[in-house]
1. Mind listing just one residue for me: the one in the stretch 76-114 that is assigned to a loop (DSSP other than H, G, I, E, B) and aliphatic (A, V, I, L, M) and, of those, nearest to Leu163 (Cα to Cα)?
2. Regarding the stretch 210-218, can at least one residue be identified that is crowded, with 22+ Cβ neighbours inside 10 Å and either over 32 Å from the mean Cα position of the chain (by Cα) or within 28 Å of Val20 (Cα to Cα) (or both)?
3. Would you mind telling me which numbered condition in (1) among the polar types (S, T, N, Q); (2) at pLDDT below 95; (3) crowded, with 19+ Cβ neighbours inside 10 Å Gln202 fails?
4. Collect the residues in the stretch 151-169 that are out of contact with any Gly (no Cβ under 9 Å at 6 or more places or on another chain) and within 16 Å of His125 (Cβ to Cβ), keeping them in residue-number order.
5. Please verify whether Lys106 is in the same structural domain as Asn87 (by TED's automatic domain parsing), of a type outside the set (Val, Ile, Thr) and surrounded by 18 or more Cβ atoms within 10 Å (Cβ to Cβ), treating the condition exactly as stated.
6. Would the stretch 77-95 turn up any residue that is surrounded by fewer than 13 Cβ atoms within 10 Å (Cβ to Cβ), among the β-branched types (Val, Ile, Thr) and under 37 Å from the mean Cα position of the chain (by Cα)?
7. Out of all the residues in the stretch 48-75, which are hydroxyl-bearing (Ser, Thr, Tyr), part of a helix (DSSP H, G or I) and surrounded by 12 or more Cβ atoms within 10 Å (Cβ to Cβ)?
8. Let me confirm something: among Ile116, Ile99, which residue is among the aliphatic types (A, V, I, L, M), farther than 21 Å from Val189 by Cα and surrounded by 12 or more Cβ atoms within 10 Å (Cβ to Cβ)?
Amino acid sequence: MKLSSTEAGRERLERVPKLVKAFRQAVLGAAVSGELTREWRGGGDAEWEESTLDTCGSVSGGLTKNSTRQDLPMQKPYLRVANVQANQLSLNSITEIGITEMEWNKTRLLPGDLLIVEGNGSLEHLGRVALWSGELDECSHQNHLIRWRPESALSKYVLFYLLSPDARKAIVELAKTTTGLHTLSVSKVASICINLPPLPEQAEIVRRVEVLFALADRLEARYQSALSSFNRLTPALLAKAFRGELVPQDPNDEPASVLLERIRAQRAVEGSKPKRGRSAAPGSAEEPKRRRQPPKVQAEAGEQAPLAEAAAQAPDPQPPRRRGRPPKVRPEALAQAPAAIPEASSYEDAVRKLEALKLERAGGTRQVSLFDEEPQPS
């Protein structure tokens with residue numbers, strides 16, 4: 001098996017959670033529309049009663065938390081928003097709150113109650129709902145959880161209805177948004193519309209949804225197991241590759257341990273040699289030897305005197321001629337001494353001065369300005 005095949009399998013496997021979620025939503029949509037029990041009814045469209053949550057049950061709020069409650073003598077466990085997830089309760093962290101006798105009688109949870117999240121910063125989590133089945137003997141709830149208690153409808157049917165796409169859309173439309181927080185209220189939750197089939201059909205819908213959800217749960221469990229196997233497979237493949245167990249091996253090849261030992265020995269030898277480019281302490285054995293310059297050839301004593309005399313008699317060397325453009329003359333200098341630059345009186349005069357300049361340069365005489373005055377005959 002190649003690593004590319006493993007990664008391709010992982011990518012396909014990671015699509016499973018989305019498919020399972022879509023499957024659950026499709027089941028809920030079919031359940032509340034009547035399609036899930038069409039054949040159970042004997043065919044035909046569902047003729048269900050249109051109702052609201054406050055018609056088929058009672059809706060109420062919870063306890064408001066404040067500092068004075070810690071002084072009350074009665075302390076009871078209570079549920080917070082963090083304890084209520086979508087279709088499940090998280091009871092790992094339960095705290096107590098001070099409560100009066102009247103509040104306890106009003107907010108005490110009973111099996112079959114539904115708890116609906118009243119506010120959240122995300123519309124996806126607004127209106128999360130879970131069923132209370134009496135997990136604790138005594139428990140209340142805070143005001144950010146709205147409680148629905150059944151009267152003429154099955155709790156699980158209402159639970160599945162509130163989890164369905166149609167109910168989620170209605171909850172989002174009812175939500176009020178202020179300062180980035182989406183909120184519901186007791187009155188808005190009470191006004192949520194619901195289609196109520198007869199109680200026997202409600203029970204059949206609940207049974208079929210639970211069967212299909214159990215199938216989805218098994219799919220999720222198999223997904224988690226497969227994902228764990230994939231997480232172990234990649235390191236195992238790499239380990240086999242480094243051990244040379246993925247391809248047939250030549251029996252004449254030396255073992256990997258021998259090769260590693262030979263590499264270590266070679267590195268040890270190379271490490272003992274002085275490295276080029278590093279400076280060593282003066283006088284140490286690792287100090288690199290410097291190349292000596294070849295000795296200069298000394299002139300004989302008899303030859304030094306004629307050389308010195310010839311150097312003394314030689315004329316001074318001419319300074320090198322400057323190449324390139326002549327230096328620019330600043331305009332200020334021209335403005336300050338305009339009379340210092342003579343001009344030729346005519347074209348013939350300029351040509352004559354040029355010829356004279358050429359002759360002077362050819363004879364090695366001093367250079368003169370092009371426009372100097374002609375020397376007067378003596």
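The values are calculated or read from the model by the stated rules, or taken from the named source; none is laboratory data. Being a predicted model, the structure only gives us computed values, none of them experimental. In this analysis, Cβ positions are derived from the backbone assuming ideal geometry, glycine residues included, and neighbour counts consider all displayed protein chains.
1. Within the stretch 76-114, the subset assigned to a loop (DSSP other than H, G, I, E, B) is 80, 86-87, 90-94, 99-100, 108-113.
Checking the rest, the ones that are also aliphatic (A, V, I, L, M) come to 86, 91, 94, 99, 109-110.
Values: Ala86: 8, Leu91: 21, Ile94: 25, Ile99: 31, Leu109: 21, Leu110: 21 Å.
Here the residue is Ala86.
2. no
3. (2)
4. Matches in the stretch 151-169: Leu163, Lys169.
5. Taking the combined requirement at face value, the residue does not satisfy it.
6. Yes - at least one qualifying residue is present in the stretch 77-95.
7. As a first pass, look at the stretch 48-75 and keep what is hydroxyl-bearing (Ser, Thr, Tyr): 51-52, 55, 58, 60, 64, 67-68.
If we keep only those that are part of a helix (DSSP H, G or I) as well, we get 55, 67-68.
Once the filter is applied, which keeps residues that are hydroxyl-bearing (Ser, Thr, Tyr), part of a helix (DSSP H, G or I) and surrounded by 12 or more Cβ atoms within 10 Å (Cβ to Cβ), the stretch 48-75 yields only Thr55.
8. Of Ile116, Ile99, the one residue that is among the aliphatic types (A, V, I, L, M), farther than 21 Å from Val189 by Cα and surrounded by 12 or more Cβ atoms within 10 Å (Cβ to Cβ) is Ile99.
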